[in-house]
Amino acid sequence: MYYKVKDIATMCNKTPTTINNKLHDAVNRGILKSHVLDQTPTILNVQDLQIFLYKYYPYVYDTVKSKFDVGSQEGSYPQMTTLSNGYSYKPKGKTYFHIRDLVLFIDAEGNEVKYKNKIHFKTKAQADRERLKVIKERNNGKYLKLGAETTRHGKGKPKETPLFLCDSMKEYILSKDIEEKTRKDYLSIYNTKIVPFFKNTLIKDLTKELVQDFADSLKANITKSRVLLNMYLDYLRKKGFVSFNASQDIDYPKDKGRGTQKKDALTMEELQLFYDYYKGHRLEHAIHLFFHTGMRPQEMQALTWNDIEYKEDNSIEVYITKAWGETEIGKGTKETKNQNSNRLIYVPPNEQLVKLLKQAKENSHGCKYVLYNAKYMAPIEECNFSKRYMSDVAKKLGIRKHITAHSIRHTYISLCLNQGIPLHTLQKQTGHTDATMILKTYGHNIQRMEKAFQNVSFGY
């Protein structure tokens with residue numbers, strides 16, 4: 001059995017162009033073999049499809065994998081032996097884990113030298129522990145020194161390996177303990193800005209003046225470029241490769257990009273307009289729950305029905321233990337933003353909201369996610385929710401503000417402060433590390449602090 005790009009796009013709720021781009025990426029990275037793109041039109045057999053879904057759309061893979069029968073008969077696929085993320089199936093039913101694509105250092109010819117598995121790990125936890133151990137060693141400079149020391153040629157003298165800035169920075173990005181979405185953003189900046197400017201610059205030739213020239217050349221995505229370069233240069237300074245302090249010595253132009261635009265909160269009247277607009281809509285329950293909890297968009301995406309508990313007085317407890325975003329194998333659930341983000345959110349008694357949620361679960365077609373998409377297979381993507389269900393709706397309602405999914409959180413915090421919720425209580429409810437950020441961002445909204453949660457109203 002074979003699948004066309006159009007079939008896969010329908011399965012993943014994506015456009016054919018997006019799927020086609022992902023397929024090219026999979027071939028370029030060696031996840032799929034080149035023969036996949038040699039056919040016109042592009043088609044995948046069941047085995048290639050499973051590998052592709054597992055890597056790029058794991059939530060779709062989890063949904064459809066049971067529909068594929070393992071075997072050798074016509075219409076099925078041969079037993080899979082390995083997947084690109086190191087998850088391996090063995091014919092005898094044993095499962096092993098490998099560490100894949102972990103770069104140790106860049107050799108003299110500029111090639112990536114990757115970790116080689118000496119054993120098969122019997123559990124994912126064992127593989128994760130070994131991976132973290134190697135990454136820690138790499139962060140401490142063990143493999144950077146190995147790549148920079150010497151390369152022997154016969155009996156001759158050791159040849160010093162030059163350290164190129166671009167090679168070193170890529171290794172730094174790949175090894176840093178950051179979210180996969182952040183890593184992806186940094187690699188994009190690396191490929192589009194760092195490499196074209198610095199090219200074959202050696203670290204020993206790096207000067208404050210050259211870095212300033214780079215900063216002056218930036219026209220877009222300035223903030224993330226500044227953060228990445230400052231972190232990397234600070235890393236080099238601690239290793240003794242550079243002497244200047246980038247965060248203090250380099251001036252960057254002001255970032256006027258999309259991400260710097262102020263995100264406004266809704267007033268009570270504007271919030272009611274949203275409630276009225278979504279009355280009877282398949283996402284009515286999600287809109288109300290979103291505004292009644294103020295959780296982060298990524299937390300709302302990962303929320304499942306099992307995370308919601310209803311009390312006898314019709315109050316609601318929402319358990320936040322995960323978030324949605326980029327992982328090593330594509331989009332999926334991951335850890336929350338910080339330790340304080342793992343929390344219980346209390347929603348005051350609201351009989352109507354309880355009814356909405358219970359009814360929505362009955363109509364979810366078995367989808368475990370509260371913010372389910374139109375196919376009832378996965379959460380709605382944040383960018384889609386922000387534009388289609390927030391920004392576009394705000395325009396239809398005549399609300400002339402910059403409204404996104406994160407505006408819901410701003411609205412929640414602002415209304416809580418205006419109705420007297422103590423800062424310390426609100427900090428725990430919203431998962432902030434401390435109250436400083438709330439004061440800095442929302443201090444002007446504080447009107448009175450004498451009421452408690454039972455006096456909070458979010459309309460409806």
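Couple of notes before you dig in:
- When residues in the range 253-268 are screened for being open to solvent by 100 Å² or more (accessible area, probe 1.4 Å) and at pLDDT below 80, 3 of them pass.
- On inspection, Ile413 fails the criterion of being open to solvent by less than 10 Å² (accessible area, probe 1.4 Å), within 27 Å of Gln339 (Cα to Cα), in contact with a Phe, Trp or Tyr (Cβ under 7 Å, 6 or more places away or on another chain) and part of a loop (DSSP other than H, G, I, E, B).
- Residue under evaluation Leu271, criteria (1) open to solvent by 20 Å² or more (accessible area, probe 1.4 Å); (2) within 23 Å of Leu357 (Cα to Cα), criterion not met: (1)
- When the range 15-34 is filtered for residues that are β-branched (Val, Ile, Thr), open to solvent by 70 Å² or more (accessible area, probe 1.4 Å) and assigned to a helix (DSSP H, G or I), only Thr17 remains.
- Here Ala220 meets each of (1) part of a helix (DSSP H, G or I); (2) modelled with pLDDT under 90 with one exception, condition (1).
- Every residue from the range 382-397 that is free of Cβ contacts under 8 Å to residues at least 40 places away in the same chain and open to solvent by 10 Å² or more (accessible area, probe 1.4 Å): Cys383, Asn384, Lys387, Arg388, Ser391, Asp392, Lys395
- At least 1 residues being in contact with a helix residue (DSSP H, G or I) (Cβ under 8 Å, 6 or more places away or on another chain) and among the acidic types (Asp, Glu) is the threshold, and among the strands (runs of 3 or more DSSP E) wholly inside the range 255-360 those reaching it are 323-327.
- From Lys355, Lys331, Lys322, residue being among the charged types (D, E, K, R), more than 28 Å from Asp434 (Cβ to Cβ) and modelled with pLDDT of 90 or more: Lys355
- From the list Arg409, Arg448, the lone residue that is touching a Gly at 6+ places or on another chain (Cβ under 6 Å) and modelled with pLDDT of 90 or more is Arg409.
- When Asp205, Asp216 are checked against the criterion of being out of contact with any strand residue (DSSP E or B) (no Cβ under 6 Å at 6 or more places or on another chain) and either closer than 23 Å to Lys254 by Cα or surrounded by 17 or more Cβ atoms within 10 Å (Cβ to Cβ) (or both), a single residue qualifies: Asp216.
- Any chance Lys387 is assigned to a helix (DSSP H, G or I), more than 26 Å from the chain's Cα centre (by Cα) and closer than 18 Å to Tyr278 by Cα: no
- Sole exception among (1) modelled with pLDDT under 90; (2) polar (S, T, N, Q); (3) open to solvent by 50 Å² or more (accessible area, probe 1.4 Å) for Thr182, by number: (3)
- Pairs, first more than 22 Å from Pro348 (Cβ to Cβ) in the range 296-325, second hydrophobic (A, V, I, L, M, F, W, C) and in a loop (DSSP other than H, G, I, E, B), C-beta under 7 Å, six or more apart: Pro297/Ala405; Gln301/Leu371; Thr304/Val370
- Residues within the range 319-337 that are open to solvent by less than 50 Å² (accessible area, probe 1.4 Å) and touching an Asp or Glu at 6+ places or on another chain (Cβ under 6 Å), tallied: 4
The values are calculated or read from the model by the stated rules, or taken from the named source; none is laboratory data. On a predicted model such as this, the values are computed, not experimentally measured, just so you know. Quick reminder, even Gly has a Cβ in these numbers, built from the backbone with ideal geometry, and neighbours come from all protein chains shown. The protein model used for the area step is the full one, side chains on, heavy atoms only, and it has no ligands, DNA or RNA in it. Shrake-Rupley method; radii C 1.70, N 1.55, O 1.52, S 1.80 Å.
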